[in-house]
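FYI, it's all coordinate maths here, none of it is from the lab. The structure displayed is predicted, hence computed values, not measured ones. Here the Cβ positions follow ideal geometry from the backbone for every residue, glycine too, while neighbour counts run over all protein chains shown.
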Amino acid sequence: MDHKGKTRVLFVCIGNACRSPMAEAIARKEANDVIEASSAGFYPMGMIPEMTQTILERSGYSANGLRSKGLREIVSEEIDLVVNLRDTRGLSPWRSLCRLRTGRFQIPMTRMMPLIRELWRISGGV
């Protein structure tokens with residue numbers, strides 16, 4: 001846990017262009033009191049597509065400050081929790097959280113689940 005008392009959460013997907021930046025934006029707005037959100041990709045696209053920005057803004061979330069970056073830019077010691085948002089086509093939106101244990105973190109599951117539900121809703125489940 002960092003000095004601010006927030007759990008540092010890293011949302012990860014393949015290209016860090018859609019799912020993980022959306023999760024970062026949602027967490028920044030909806031759980032800023034308990035989460036310091038960031039995102040990265042295995043193979044970063046290098047940009048946040050206009051479609052991602054438009055969907056976020058239409059849904060009431062800011063895309064300001066989002067940028068596509070790779071895992072190599074992340075200092076692992078500065079992350080408390082990684083949420084894998086890899087491709088889950090055909091699976092429950094909760095699949096990415098199946099191994100999440102929040103017992104040692106200050107993020108109640110009642111706060112985390114709505115973030116993932118909102119990500120699923122605005123991304124159309126992709």
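Could you give the length gained on full extension between TYR43 and MET113, defined as 0.36 nm per residue of separation minus the Cα-Cα distance, in nm?
Length gained, TYR43 through MET113: 22.6 nm.
Take SER62 and LYS4, extend 7 Å from each Cα along the Cα→Cβ direction, and tell me the distance between the two endpoints in nm.
For SER62 paired with LYS4, the spin-label model returns 1.2 nm.
What residues qualify as long-range amide H neighbours of ILE48, i.e. H under 5 Å apart, gap of 5 or more or another chain, H built at 1.01 Å from N?
Those lying under 5 Å, H to H, from ILE48 are SER68.
Grab the Cα-Cα distance for GLU77 and ILE14, subtract it from 0.36 nm times how many residues apart they are, and report the gain in nm with one decimal. Before the final figure, lay out the partial values.
Details: separation 63, 0.36 × 63 = 22.68 nm, distance 2.12 nm.
Here the answer is 20.6 nm.
In terms of the Cα gyration tensor, with a ≥ b ≥ c the square roots of its eigenvalues, is segment 1-76 rounded because a/c is under 1.5, prolate because a/b exceeds b/c, or oblate?
oblate
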